């Protein structure tokens with residue numbers, strides 16, 4: 001009886017109102033071709049491996065890319081690391097790459113330069129940041145990064161304390177910084193102070209004073225001395241003491257002994 005009523009209702013309903021009863025889901029069309037294995041390649045520029053570094057008491061995780069690109073030291077180190085992923089230094093916090101003799105703040109500033117955190121990257125950095133970058137780029141022979149640091153420091157070299165200019169230039173092989181400090185000390189009222197002499201070393205301070213005295217004795221109407229005048233006076237002083245090369249000694253302590261006392265070109 002129920003079935004007959006349903007059939008009568010369907011027969012009496014207009015075509016648009018006929019109840020649509022869903023059938024089974026149609027199977028997807030067959031693939032036009034059998035599945036094949038896709039061979040993936042690693043992008044040449046953007047497939048970076050990370051390493052974990054321990055600097056002081058702090059762990060850093062950073063891409064290897066810039067280290068390998070800019071430093072033969074790191075390129076060699078990463079090449080020599082073991083191939084066992086579980087044993088390789090730098091893969092886990094328990095087995096980091098230990099960087100001895102490195103200040104963690106200097107390292108963070110170098111990383112910030114190599115891997116900027118902001119977009120667009122911050123273009124202005126403090127002298128403290130650039131000096132940190134200079135120290136580590138010199139230590140690891142990162143020539144391009146070092147040259148960038150030197151250029152930015154020299155743009156503001158007069159903001160660097162005079163003794164620091166000389167010590168920094170000597171420690172990291174930046175003659176222009178040493179010359180800047182030397183010219184400032186030669187022109188300084190009263191010459192080299194006792195505190196500056198302690199920091200520079202008494203022998204270096206005495207020879208700077210010799211150059212100053214030489215210039216003061218022939219100053220004429222000059223109120224100050226430029227780099228060329230200081231250079232010429234230095235050469236004159238050296239003629240009186242051929243056993244010592246001022247420039248070699250101030251840039252590379254002990255260098256005059258290795259070079260037989262011959263002064264290096266300014």
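What follows draws every value from the coordinates through simple rules; no lab data is involved. Since the structure is predicted, the reported quantities are computational estimates derived from the model, not experimental observations. FYI the Cβ positions are ideal-geometry reconstructions off the backbone, even for glycines, and counts take in every protein chain you see.
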Relative contact order (%) - criterion: Cα under 8 Å, at least six apart; region: segment 33-147: 26 percent
Put in order of increasing Cβ neighbours within 10 Å, starting from the fewest, 65, 115, 100 give 100, 115, 65
For the pair residue 226/residue 69, report the inter-label distance in nm, with labels modelled 7 Å from Cα in the Cβ direction. 4.0 nm
Quote to one decimal, in nm, the extra length available between residue 158 and residue 76 on full extension: 0.36 nm per residue of separation minus the C-alpha distance between them. 25.7 nm
Arrange 129, 108, 203 by Cβ neighbour counts within 10 Å, fewest through most, would you? 203, 108, 129
Extension gain residue 203-residue 92, at 0.36 nm per residue separation less the Cα-Cα distance, in nm? 35.0 nm
